[in-house]
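The structure appears right after this line, and notes come after that.
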Amino acid sequence: MQAKIEHKTGITALEAAAFGVMAVVIAVGFYLAATNDDLFRSLYIVEDGFLEYATSFMLFATAVLCSLRLVRDRAYHTKAFTLTYVLIVVLMIFGAGEEISWGQRIFNIESSEFFLSNNRQYETNLHNMEINGVNINKLIFSKGLVLFLILFYLILPWVYRRNGAVARMFDRLYIPVPKVHFGFAMLAAGLIIDLIPSGKKGELNEVCLSIFFFLTLLTPHNKPVVVRD
């Protein structure tokens, strides 16, 4: 049956618009960092700033998208579909919550003694934890995430298109596979952001990544398999 499924690989209008938004966000960040690093840090990538909330919003929007599919499509799919999409929803909500420290500063909530003792920024989140000298952010949310992105966005799309066994496995598990151009766009964005002349530019990577996650779940390469239109 899979051989009869037509996978659309072109760039949609929404994807082009999203790439344009990311290009503007990166260009503004590049200009500010090059001309006034203090302004770049205090206004553009400041904690609880526009980019941080935009990242959290996009991750939450991805969770909502997957939740709607769970409700709408569950009668047409298997338990694997439910498990995969529930896992994605949980991960997206976790990421959205972590990004804004679970609303700690919004609702003016004090950190518990545990987080005051083990969190590098004294916040109620896991990604800034440091336990027994181990920086959790660097170990899991940096190195681990980079490895995942390389495998998922740069390697998987090519393997999926060329290996029928791998394609059938991901389709049976209803795992959305990124389009090839997502990987190229993500790599380009990451390389350009890395050139920004400032030591603090992680927020730019995060907001772009959150947009890529949303696009991947909205229009995956194997959309005819994992999404019922």
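The values are calculated or read from the model by the stated rules, or taken from the named source; none is laboratory data. As the structure is a computational prediction, the values presented were derived from the model and not from experiment. Heads up, the Cβs are rebuilt from the backbone with ideal geometry, glycines too, and the neighbour counts pull from every protein chain shown. Side chains are part of the model used for accessible areas, which takes the heavy atoms of the whole protein and leaves out ligands, DNA and RNA. Shrake-Rupley method; radii C 1.70, N 1.55, O 1.52, S 1.80 Å.
Each Cα pair under 8 Å and six or more residues apart adds its sequence gap; the mean of these over the residue count of the chain is a relative contact order of 30 percent. Among the listed pairs Lys79/Lys223; Lys179/Lys201; Lys143/Lys200; Lys79/Lys179; Lys138/Lys179, those with a Cα-Cα distance over 23 Å are Lys179/Lys201; Lys79/Lys179; Lys138/Lys179. To put it simply, the accessible area of the range 44-86 at a 1.4 Å probe is 73 percent carbon and sulfur.
Measuring with a 1.4 angstrom probe and ignoring ligands and nucleic acids, Trp158 comes out at about 100 Å² accessible.
Here mean projected area of the Cα convex hull in nm² was computed from the coordinates, and among [x] 16.0; [y] 14.1; [z] 12.2 the match is [y]. Per residue, the chain exposes 56 Å² of solvent-accessible protein surface, assessed with a 1.4 angstrom probe and all protein chains in place. Taking each DSSP H run with n ≥ 4 as -39500 (n - 2.57) and averaging over every residue of the chain yields -18000 deg cm²/dmol at 222 nm. Accessible area per residue (1.4 Å probe, heavy atoms of protein chains only) ranks Phe214, Phe30 as Phe30, Phe214, with the largest value leading. A 1.4 Å probe, protein heavy atoms only, puts the accessible area of Met58 near 40 Å². Loop-located trypsin sites (Lys or Arg not before Pro) across the range 32-141 with a Cβ neighbour count of 13 or fewer within 10 Å are Arg105, Arg120, with loop assigned by DSSP. A 1.4 Å probe over all protein chains sorts Phe184, Phe81, Phe50 by accessible area into Phe50, Phe184, Phe81, starting with the largest. Counting heavy atoms of the protein chains alone, Thr219 has an accessible area of about 20 Å² for a 1.4 Å probe. Going by accessible surface with a 1.4 Å probe and the largest first, Ser56, Ser42 read Ser42, Ser56.
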